[in-house]
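Written below as structure tokens is the structure these notes are about.
Just so it is clear, none of the values below were taken in a lab; they were calculated from the coordinates. Note that the structure is predicted; figures quoted are calculated from it, not measured. Glycine gets a Cβ as well: all are built from the backbone with ideal geometry, and neighbour counts include every protein chain shown.
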Amino acid sequence: MIEALTSLAAFDRTAGITRTDSAAPLARTSFPVSPPTATAGAGTDFGDVMAQLASGLRTSLRSGEATAISGIQGKASTQQVVEAVMSAEQSLQTAIAVRDKVVAAYLELSRMPI
């Protein structure tokens, strides 16, 4: 799973700022806190936002996988493993939903008459 994400090296230019919701420990998901800062007069680049989302997703998946391995080795509790895996799963589902929306928008644009 991680090997497939390492091919996202182009997305490494962002720091992967994340936040967690402490009110729902099982619903923790990585999302950017704010869009990348832009200089005055320049707009936010869509590619940068998507790169930041991909970086947060990769971080969440790596954390879930590392916690699962720690659980197998007996270094992490079952609760920690379940929380980390559920967080990674929710992040992955969010990324898939975003991908589906981007593809749907592209298909909609490609069907527009010129």
Fewest to most neighbouring Cβ within 10 Å: what's the order for Arg62, Arg99, Arg111?
-> Arg111, Arg99, Arg62
Fewest-first sequence of Glu65, Glu83, Glu108 by Cβ atoms within 10 Å of each Cβ = Glu108, Glu65, Glu83
Amide H neighbours of Ala76 under 5 Å, at least 5 residues apart or on other chains, H built in the peptide plane: list them.
-> Gly71
Taking 0.36 nm per residue of separation between Ser110 and Met50 and subtracting their Cα-Cα distance, the length gained on full extension comes to 19.5 nm
From the residues Ala68, Pro113, Ser55, which one has its Cα farthest along the dipole of region 45-114 in the positive direction, the dipole being from +1 and -1 charges on Cβ of Lys/Arg and Asp/Glu about the Cα centre?
-> Ala68
